[in-house]
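Enquirer: Sending over a structure as structure tokens; questions will come in a sec.
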Amino acid sequence: MRTRVLGWCAFWLQAAWLICSSWANVKSAFAGISEGISPIGRVHFLFVNEETGAIRDCGWSPNLVVTTGKNHIADQLAGRQQAQMSHMAIGTGTTTPVAANTALETELDRNALDSRTQGTGADANKVTYICTWPAGDGTGAITEAAIFNSASAGQMLCRSVFAVKNKEAGESMVQTWILTVSA
């Protein structure tokens with residue numbers, strides 16, 4: 001037993017010596033301990049008059065990646081067979097997003113994504129989701145939006161609350177959501 005304990009002590013002393021043998025190794029060891037993955041996102045709204053093609057309004061809004069969204073990212077990294085994000089939803093809720101959110105406060109409409117793409121090169125840590133609400137769909141005073149992995153219920157990835165964006169019956173709305181996973 002004593003030999004086994006001494007063996008483990010020698011192992012850990014040798015490991016500590018190797019790590020501390022250079023300042024670069026020490027910095028690298030501590031960077032690995034403190035490094036974390038932080039997903040952040042923002043959503044862009046574009047409102048277009050269907051008759052004239054004129055842009056009425058556009059702008060960006062920040063979001064919160066909620067706990068179920070972070071869990072979904074971890075599940076994807078682990079190779080679990082969980083459904084990919086597939087829908088965006090809009091609503092009329094105004095409560096500030098919190099990590100525990102799993103649904104919109106007051107969902108108005110939900111549509112399937114037009115596309116979901118991962119960036120390349122320096123942007124490989126970004127995923128862009130695009131969804132369109134055509135004229136007559138999702139009409140109203142929109143104040144919240146989210147991304148889900150199902151046509152109803154499902155796991156929420158992120159949620160955004162913003163100043164009222166009025167979607168009129170004769171216009172389309174395109175939401176472009178960019179999620180960046182960074183350290």
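Enquirer: What pairs can you find where one residue is in the stretch 45-65 and assigned to a strand (DSSP E or B), the other is buried (at least 18 other Cβ atoms within 10 Å of the Cβ) and of a type in the set (Asp, Glu), and their Cβ atoms are less than 8 Å apart, with a gap of 6+ or different chains?
Expert: Cβ pairs passing all conditions: Phe47/Glu171; Val48/Glu171; Asn49/Glu171; Arg56/Glu171.
Enquirer: Tell me the residue from Ala135, Ala146 that is out of contact with any Lys or Arg (no Cβ under 7 Å at 6 or more places or on another chain), assigned by TED's automatic domain parsing to the domain that holds Glu107 and either crowded, with 21+ Cβ neighbours inside 10 Å or assigned to a loop (DSSP other than H, G, I, E, B) (or both), please.
Expert: Selected residue: Ala135, the only one of Ala135, Ala146 that is out of contact with any Lys or Arg (no Cβ under 7 Å at 6 or more places or on another chain), assigned by TED's automatic domain parsing to the domain that holds Glu107 and either crowded, with 21+ Cβ neighbours inside 10 Å or assigned to a loop (DSSP other than H, G, I, E, B) (or both).
Enquirer: Note down all Cβ pairs under 6 Å where the first residue falls in the stretch 96-121 and is assigned by TED's automatic domain parsing to the domain that holds Ala163 and closer than 17 Å to Trp177 by Cα, the second is surrounded by 15 or more Cβ atoms within 10 Å (Cβ to Cβ) and of a type in the set (Lys, Arg), and they're at least six residues apart or on different chains.
Expert: That search, which allows pairs on different chains as well, returns Pro97/Arg159; Gly119/Lys126.
Okay, residues lined up against (1) within 11 Å of Cys158 (Cβ to Cβ); (2) in contact with a strand residue (DSSP E or B) (Cβ under 9 Å, 6 or more places away or on another chain); (3) at pLDDT below 95:
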{"position": "Gln82", "(1), (2), (3)": "no, no, yes"}
{"position": "Ser86", "(1), (2), (3)": "no, yes, no"}
{"position": "Pro97", "(1), (2), (3)": "yes, yes, no"}
{"position": "Glu107", "(1), (2), (3)": "no, yes, no"}
{"position": "Ala112", "(1), (2), (3)": "no, yes, no"}
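The values are calculated or read from the model by the stated rules, or taken from the named source; none is laboratory data. Fair warning: this is a prediction, and the values are worked out from it, not measured in the lab. Please note: Cβ atoms are built from the backbone with ideal geometry, for glycine as well, and neighbour counts cover all protein chains shown.
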